[in-house]
Amino acid sequence: MKQHHEIARDLLKIKAVQIKTKGYFTWTSGIQSPIYCDNRLTMSYPNVRNRIIDGFINKIKTLDVQPDVIAGCATAGIPHAAWIADRLDLPMIYVRSSPKGHGKGNQIEGRVTKGQKVLVVEDLISTGGSSIDTANVLKAEGVEVVGVIAIFTYGLKESVHRFEKEDLPFTTLTGFDYLLEALVEDEEITKTDQQNLIDWRNNL
């Protein structure tokens, strides 16, 4: 089984991803969605998280530019960034969504220096906003962001356009389409449901 299908099935098995063909979840962005992905649950399943980290490492090895530092998006990207950094024996940092309101007021936690090459790790990509914001915080510090890597993507056109506009490459281990294929194979949804869900995504 190919990696993207295997990880999609892992996410379904641990109920990190849930699909409603009727009724909707509400994302942080306010989007009403028939799908909800909570990759934080992968932390609690060693076999699943190890397959995810193996997948990340394989993807990273194919990058044209190798990172000097691994950066996690707070908060869901932090544990995976830590496991990747540990596996690669690289420094790790994380980036808050906003500067800390006390102490030194840091937005970047850990040590990174101007000119270093940094890979941003996120748990999932919906509109791409949080990943791009993280990359821009790092760029403002003189850091070279080599790309973004995530477990899952919804495959929204908006995210693709935003990453293209920022000239920021991104890659994911699995995504919405692979998930639907697995659900159809397991007869959890029908082909009609699959097409309706694809149409919903494509029309956002």
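Values quoted throughout were computed directly from the atomic coordinates according to the rules given, and no laboratory measurement underlies them. Being a predicted model, the structure only gives us computed values, none of them experimental. As a convention, Cβ positions derive from the backbone with ideal geometry for all residues, glycine included, and neighbour counts pool all protein chains shown.
For Val65 and Glu181, compute 0.36 nm times the residue count separating them, minus their Cα-Cα distance, and round to one decimal in nm. It would help to have the intermediate numbers written out before the result.
Numbers: separation 116, 0.36 × 116 = 41.76 nm, distance 3.25 nm.
Computed gain between Val65 and Glu181 is 38.5 nm.
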Check: Hey, rough spin-label estimate for Ala82 and Phe25, points 7 angstrom out along Cα→Cβ, what's it come to in nanometres?
Finding: 2.3 nm
Next item on the list: Apply 1/(1 + (r/R0)^6) to the Cβ-Cβ distance of Asn47 and Lys114, taking R0 = 41 Å, and write down the FRET efficiency to the nearest 0.05.
Entry: 0.55
Checklist line | Hz values of 3J(HN,Hα) by residue in segment 39-54 - Karplus curve (6.51, -1.76, 1.60), Gly and Pro given as x | finding: 6, 4, 4, 5, 4, 8, 10, x, 5, 5, 5, 5, 5, 4, 5, 4
Margin query: Charges at C-beta only: +1 for Lys and Arg, -1 for Asp and Glu. How large is the resulting dipole of segment 50-122 about its Cα centre, in Debye rounded to 20?
Written below: 200 debye
Check: Which distance in Å, rounded to a whole number, links the C-alpha centroids of segment 133-165 and segment 7-53?
Finding: 21 Å
Margin query: Please return the longest range in the chain lying between exposed loop sites, taking GluC sites (Glu not before Pro), DSSP loop only, at most 16 other beta-carbon atoms within 10 Å, and leaving the sites out.
Written below: 1-140
Checklist line | Links that overshoot a 30 Å alpha carbon limit, given the list Lys13/Lys165; Lys117/Lys165; Lys20/Lys61 | finding: Lys13/Lys165; Lys20/Lys61
Checklist line | Charge dipole magnitude, Cβ of K and R +1, D and E -1 - the chain, Cα centre, debye nearest 20 | finding: 500 debye
Item checked: Positive dipole terminus of segment 163-202, leading residue within Leu183, Leu197, Leu168 (C-beta point charges) -> Leu168
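If I stretch the segment between Val160 and Thr190 completely, what's the gain in nm (0.36 nm per residue apart, minus their alpha carbon distance), one decimal?
Details: separation 30, 0.36 × 30 = 10.80 nm, distance 2.76 nm.
Gain in length upon complete extension: 8.0 nm.
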Check: Per residue of the chain, what 222 nm ellipticity follows from adding -39500 (n - 2.57) for every DSSP H run with n ≥ 4, rounded to the nearest 500?
Finding: -12000 deg cm²/dmol
Margin query: Per 0.36 nm of contour for each residue apart, how much would the distance between Gln32 and Thr171 grow if the chain were fully extended, relative to their Cα-Cα spacing?
Written below: 47.6 nm
